Amino acid sequence: MKNLSLAVILLVATLPLVPAPPNEALAVRIDIKPRMSRGIIPVRTMPYHATATVLEAGTSKVIGTVGLDLQPGQTIARTEEAGRYKIRFQSKIAANGLRAAAVATVSRGEQLVTQQTSDVSFER
């Protein structure tokens, strides 16, 4: 019995260390909306605003936020560092201003953690 215990301890000591999987449960919320004043879209140089907010899943702790101001027909992308994460956010608005799309990608180093897409239609 003593030899068996010694053999198990020796075997465990010689096994390579396997890293634990990262505990990274993240949620991404994308909001795309026209800038409004009393329910009316005002004439401005940047009438649309898109935001990607990265949160710890199951909590309301914000990891990072990336915001973009857009005009109809425009596509903009921005990458921001948020602690150990990199958030890449791209959004585009159709030329007529009635459709918008966005993609938020969260990575840690070279590893993809999560990705969220959004497609929105606006009414006139």
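Just a few scattered comments:
- All aspartates and glutamates inside 16 Å of residue 33 as judged from Cα atoms, apart from same-chain residues fewer than 8 positions distant: 69, 119, 123
- Accessible surface of residue 120 - all protein chains present, 1.4 Å probe, nearest 10 Å²: 40
- You can think of it this way: the chain between residue 82 and residue 69 has 2.7 nm of extra reach, that is 0.36 nm per residue less the Cα-Cα gap.
The values are calculated or read from the model by the stated rules, or taken from the named source; none is laboratory data. All figures in this text were calculated on a predicted structure; none of them were measured in a lab. Just the protein is used for accessible areas: all its heavy atoms, side chains included, with ligands, DNA and RNA removed. Shrake-Rupley method; radii C 1.70, N 1.55, O 1.52, S 1.80 Å.
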